[in-house]
Structures are given as C-alpha cells and as structure tokens.
Amino acid sequence: MESNGGDAFRILEEIETLKAAKSDIEHRIANLQVQIGGVAVEEMTDSILCPPISTNDAGFGHGLSPEMVYRYSRQLLLPSFGVKGQSNLLKSSILVVGAGGLGSPALLYLAACGVGRLGIVDHDDVELNNMHRQIIHTEAYIGQSKVKSAAAACRAINSTIDIVEHREALRTSNALEIVRKYDIVIDATDNLPSRYMISDCCVVLGKPLVSGAALGLEGQLTVYNHIGSPCYRCLFPTPPPTSACQRCSDSGVLGVVPGVIGCLQALEAIKIASAIGEPLSGRMLLFDALSARIRIVKIRGRSLHCEVCGENAAFTEQMFQDFDYEKFTQSPLTPLPLKLKLLPENVRISAKEYKERVVKGEAHVLVDVRPEHHFKIVSLPKSLNIPLSSLEGKLPEISSALKEEEKCNGPTSSPGASLYVICRRGNDSQRAVQLLHKMGFTSAQDIIGGLESWARDVDPNFPIY
Amino acid sequence: MQLTLEFGGGLELLCQSVKIHKVNVDLQAGKEKLTMRDLLSWVRTNLIKERPEMFMKGESVRPGVLVLINDCDWELSGQLDTTLVEKDVIVFISTLHGG
Ligand SMILES: [Zn+2]
C-alpha cells in the first residue's frame, strides 16, 4: 500500500509537469500564430495600398516591426502614448524585486505591455498559501522557484521581450551589480530592511524607485528618488520599532489588495519608462479597500539633511555594501517566524507529551490565547479561548474552569487539574504563562511550538495556516 | 474646535479599530491657538486606548508614522508647531511593508 501511494504521487506529479509543459508549448504555438497573422495582415495592406517596401524594423522610421505594431496596436492608438511611448518602453529595462503579491500583477502587465528587458529577483519558492494573491504562479509550480515560475508566465504572455531571472535574495553584496543593469526599480518586497536597502541602492545608482506596500485591507504607493521626490530615508529617517512591523503571515492580507497596488506600480513604471504623464513623485497614494477610498497626499520633497540623498550626504557604493540593514532595522532580510524562549524547560511540554497526557485522561484545562478570529479557523477540542490581550481580565474564568475540571474528575491523588497554554507558534503562550505565573497560577505550562508543532508531531491532518 | 482625525495602516487598532473620529478639541486655558503638539497630547489622553508607545515617542509620533494635515505632509507645514484651524482633517498613517 505504502509503495502504491508513492507511485501514485509520482505519477500525479509527472502528469502535472507534463501538463505545464503542454500549456507552455500551446502558448508558444499561439504566439507564433499571432506573429504569422500579424505579418500577413501587414503585407496584404501594403501590397494593396502601395508598392511593397521593406518590412524590416527600420522601414517605418520608429523601430517597431510589423509584428510589434500588431501586438501593441491598442497602445499605439493612444495619442498620449503612441509610437514614441512604445518605442521608449521597448528600449527600457525594469527590475521587479519580489515575485509575490505586488510583483505578480506588476510583472504580468510589464511583460504584456512590452518592456524591453524585465528582471525578476526573488529567492523564495511557490507555496500553496501564496496562491490567493500571487496570481502569476500556478499550482504546477508549487515547491519550485518563484522566479522560474514568474519568468515562465511572463514568457508565455510575451515571448518577444528579454526576461532575466535572478534567483537570489537581493543583498548589499549583489544589489549594486543587479540594479545597475536596469533603468527603473519596482520594490515589491515584504520587509523593512529590504525597503531601506533598495531605496539606498537606487539613490547610489540614481534610479527611480516605484515603491508599493500592502497589508490587510490597505495599500500604499509612491515613487522615490525621481525628479525631486524624497528617498525612503527622507520620509522615514528612523526605522519604526519592530513591534510596529506587521507581516502578511501574521496579520493577513486580502489577495486583491496587493493586486491593486501591484497594478499601479506597473502603471507608474510604464509612465516613467515611456516618458508620459505625471509620475507619483512627491505624492503618496493611500488605498483603503474596506471603505473603498483612495487618498492622494502631498509628501515632503528630498530632504537636504537626508543621510543618503541629502545635500551633504556622501553615501558611496562602498558604504552601501558595508551597511548592515538588518541591524539598522532590527529585523531580518528574509524573515523567519520568531522563536521566543522566555520560560525554563520545566514549565514547558511538547505537543506529543500533551497528547499523551490527554490520552491518559489527566484532569486539565487548555487555554488557547490566540485572537478569536484565529481560534475560529481551527482549535483543539475542549480548549478555552482567552486571547492574550484580554487574559489579565479573565483570570476568574480560568479559575472556575479548573475547579469544574477537578469536580468532574472527583478527588484523585493528583494535586488538582493542570493548566496548559497554547497558541499558534508557541510565542504568545510563553508570554501568557509568564503572566499566569505572576498572577498566582503557578502550575501553568506552555505547549512548545504551539498548534504548528501539534500539526507536525501529533496530527498531520490538523490544518495549519 | 471641530476636527476630523483618521488613523490608518494599523494605528486604528490603538483606538478600538475605529478609523475616523470626529472630535471637538478645546483650546487649553490661556492659549490662543491649537497646535499639532497640543493635538497629539489630546489624542494620547482621549483616543489611544492601548500601547501608547505604538503611536508616540516623546512629544511627537513614533518613527514610521506619517502625519498629514489636509492631505499634506506635516513636514511641509511645521510639524509639531503647525497651527490647526476649524474643520482640519488630520491623518495618522503607519507605513506598511507587506507585499
Ligand atoms: Zn533621502
């Protein structure tokens, strides 16, 4: 049975791989068909209206081949964009840092509209819990590099542009070399040190930076370091405290919200690359999805006193390479879930040990200190939900639950019901146990690693989020 | 003085998840005008229900918070010394990093 299961899994995997290859080939065929169709139409009209002339790129004085004219025709028809805008765009290069929620739509539009060279930087692999917002990736690519997946999607849309894959995290050691090759940078990352690093790098190399961010149901967008606009440091000279930096994996995000911001990032980059319109420099767009409101505010210009772009700033390439962005922001460039260790070993038990105690029928109360909306996603049987933020005021609830449990189990030899505390990953449960100890619940114990370790070590069918 | 205060980017969580507050702020005794400095201390006393350190640092806002007065960065109007007038709209927004 075991080996059958393994075989079936391998076969399914192979089917997925073949399906991906098939759709890739189909896309390429469709592409070639469009090319023939486009040329055929051009040649026909040419031969009717005037004697055949050379159809090579230079023939029309704008450098667009007949195929390009056909592909981009709906953009060429825009008076404010036209042939000039398109040929600027085709000559431009744009780097998208991050192929996630913001990068996904940005890359799709940039590939489609005909940016000459499109670079993609990311070090991550595609995961199932990315799919709701990172719409460039498909299920077939789960477990594979995001850059590989995104590049394949871009090539499927437009095989005529240059897509460059940078399968690595952007760091001070490689950023100058990578960013130098592009005209415009899109910051589609998800963490604070990257935002400072990318902004500084763009100042050092003199590149406009289209910066977007999204969390929960809100988004923000602006263009830094471009025609008098500030850099990220002009606006935020001092990094916020780490406790103020929420992440999508903790706070959640509705997929379409980074989608909206990512689309707008593509738009701003296209405007700069094709030299049309007014860029969002010196202004910031604030998007509130829940109330359906977009506010565009005026922000300060470049600061004379800025340490990086200011009048007397001497921030060199060498200084950039030596700068420690993780230390500066007190947070890691590639964030891993926090793993606190606040309690001594003797007041902590593993998920497995807890399971054994439940099986033995030990009298106990299990307090789950996650927020209520987390508890509603999934919880352990008979656990009592008291969120950490309201724990202090709800101690009587715990007392009475303990008493109830002792009554049910009758007078036994044990000294009474035990008290266990659990959360998602095992950080808040430690904070809660510290508080409980202080408030006189000296027997409170923490379940190490929380529900995630329960799912890993005890019940593989328990949902994780 | 009637003012509209808005909190965003997560700062609303510090005032019971309410984003928009229509408030009436009285001038302090003996003062002729209301400045942002006065307003911040009023907000801290009257609106911020938890973790004030997530909103303020010293007498100003904490790093990472943008303050906008009538859709304009307060850096352009004098920061803490900006004088407020009737019906001003003040937005406090925390910078986001997610993507
Ligand atoms: Zn600057």
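The values are calculated or read from the model by the stated rules, or taken from the named source; none is laboratory data. Here the structure is a predicted model, which means the values were calculated and not measured. Neighbour counts run over all protein chains shown; Cβ positions are idealised from the backbone, glycine included. Each accessible area value is taken on the protein alone, full model and side chains, heavy atoms only, with ligands, DNA and RNA left out. Shrake-Rupley method; radii C 1.70, N 1.55, O 1.52, S 1.80 Å.
Scanning region B:5-37 for residues being open to solvent by less than 20 Å² (accessible area, probe 1.4 Å) and either under 10 Å from the mean Cα position of the chain (by Cα) or within 14 Å of another protein chain (Cβ to nearest Cβ) (or both) gives a total of 8.
In region A:179-209, of all residues being more than 9 Å from chain B (Cβ to nearest Cβ), within 20 Å of A:ILE270 (Cα to Cα) and away from the ligand (no atom under 16 Å from the Cβ), the one that is surrounded by the most Cβ atoms within 10 Å (Cβ to Cβ) corresponds to A:ILE186. Of all residues in region B:83-99, those being over 10 Å from the mean Cα position of the chain (by Cα) and either modelled with pLDDT under 95 or surrounded by 21 or more Cβ atoms within 10 Å (Cβ to Cβ) (or both) number 6. Being at pLDDT below 95, within 16 Å of the ligand (Cβ to nearest atom) and open to solvent by 20 Å² or more (accessible area, probe 1.4 Å) is a description that applies to A:GLY228.
All conditions in (1) out of contact with any Ser or Thr (no Cβ under 9 Å at 6 or more places or on another chain); (2) within 16 Å of the ligand (Cβ to nearest atom); (3) more than 9 Å from every other protein chain (Cβ to nearest Cβ) hold for A:SER303, with the sole exception of (3). Of all residues in region A:334-347, those satisfying the criterion of being open to solvent by 100 Å² or more (accessible area, probe 1.4 Å) and of a type outside the set (Asp, Glu) are A:LEU336, A:LEU338, A:LYS339, A:LYS341, A:ASN346. Kindly evaluate A:ALA269 against the criterion of being small (Gly, Ala, Ser), more than 22 Å from A:ALA99 (Cα to Cα) and away from the ligand (no atom under 16 Å from the Cβ). No. Taking A:SER350 as the residue in question, decide whether it is in contact with a strand residue (DSSP E or B) (Cβ under 8 Å, 6 or more places away or on another chain) and surrounded by fewer than 17 Cβ atoms within 10 Å (Cβ to Cβ). It is true that A:SER350 is in contact with a strand residue (DSSP E or B) (Cβ under 8 Å, 6 or more places away or on another chain) and surrounded by fewer than 17 Cβ atoms within 10 Å (Cβ to Cβ).
Scanning region A:306-326 for residues that are away from the ligand (no atom under 16 Å from the Cβ) and in contact with a helix residue (DSSP H, G or I) (Cβ under 9 Å, 6 or more places away or on another chain) turns up A:GLU317, A:GLN321, A:ASP322, A:ASP324, A:GLU326. Within region A:415-427, one or more residues are open to solvent by 50 Å² or more (accessible area, probe 1.4 Å), more than 25 Å from A:LYS341 (Cβ to Cβ) and not in a helix (DSSP H, G or I). Within the option set A:PRO79, A:PRO105, A:PRO66, being in contact (Cβ under 8 Å) with a residue 12 or more places away in the chain, over 19 Å from A:ILE186 (Cα atoms) and either out of contact with any strand residue (DSSP E or B) (no Cβ under 6 Å at 6 or more places or on another chain) or not aromatic (Phe, Trp, Tyr) (or both) holds for one residue only, A:PRO66.
Restricting attention to region A:136-150, the residues that are open to solvent by 30 Å² or more (accessible area, probe 1.4 Å) and part of a helix (DSSP H, G or I) add up to 4. Cβ-Cβ distances below 9 Å connect the following pairs, each with a first residue in region A:232-255 that is more than 8 Å from chain B (Cβ to nearest Cβ), a second residue that is open to solvent by 10 Å² or more (accessible area, probe 1.4 Å) and among the basic types (Lys, Arg), and a separation of six or more residues or different chains: A:CYS234/A:ARG300; A:CYS234/A:ARG302; A:ASP250/A:ARG424; A:LEU254/A:ARG133; A:GLY255/A:ARG133. Listed conditions (1) at pLDDT 95 or above; (2) touching a helix residue (DSSP H, G or I) at 6+ places or on another chain (Cβ under 9 Å) are all met by B:LEU76, apart from (2).
Residues A:SER104, A:SER93: which one is at pLDDT 95 or above, within 14 Å of chain B (Cβ to nearest Cβ), within 33 Å of the chain's Cα centre (by Cα) and open to solvent by less than 40 Å² (accessible area, probe 1.4 Å)? Even if it seems obvious, please write down each step before you answer.
Numbers: A:SER93 fails: within 14 Å of chain B (Cβ to nearest Cβ).
Exactly one of A:SER104, A:SER93 is at pLDDT 95 or above, within 14 Å of chain B (Cβ to nearest Cβ), within 33 Å of the chain's Cα centre (by Cα) and open to solvent by less than 40 Å² (accessible area, probe 1.4 Å), namely A:SER104.
Within region A:212-225, can you find the residues that are more than 12 Å from chain B (Cβ to nearest Cβ) and open to solvent by less than 20 Å² (accessible area, probe 1.4 Å)? Explain how you work it out, then say what you get.
Of the residues in region A:212-225, the ones more than 12 Å from chain B (Cβ to nearest Cβ) are A:223-225.
Result: A:VAL223, A:TYR224.
Please work out which residue is farthest from the other protein chains (Cβ to nearest Cβ), limiting yourself to region A:256-269 and to residues that are of a type in the set (Gly, Ala, Ser) and under 12 Å from the mean Cα position of the chain (by Cα).
Taking region A:256-269 and keeping what is of a type in the set (Gly, Ala, Ser), we get A:259, A:262, A:266, A:269.
Keeping just the survivors that are under 12 Å from the mean Cα position of the chain (by Cα) gives A:259, A:262.
Working: A:GLY259: 11, A:GLY262: 8 Å.
Selected residue: A:GLY259.
Out of everything in region A:358-392 that is touching a residue at least 24 places away in the same chain (Cβ under 8 Å) and open to solvent by 50 Å² or more (accessible area, probe 1.4 Å), what residue ends up being nearest to the other protein chains (Cβ to nearest Cβ)? Checked region A:358-392; the qualifying residue nearest to the other protein chains (Cβ to nearest Cβ) is A:GLU392.
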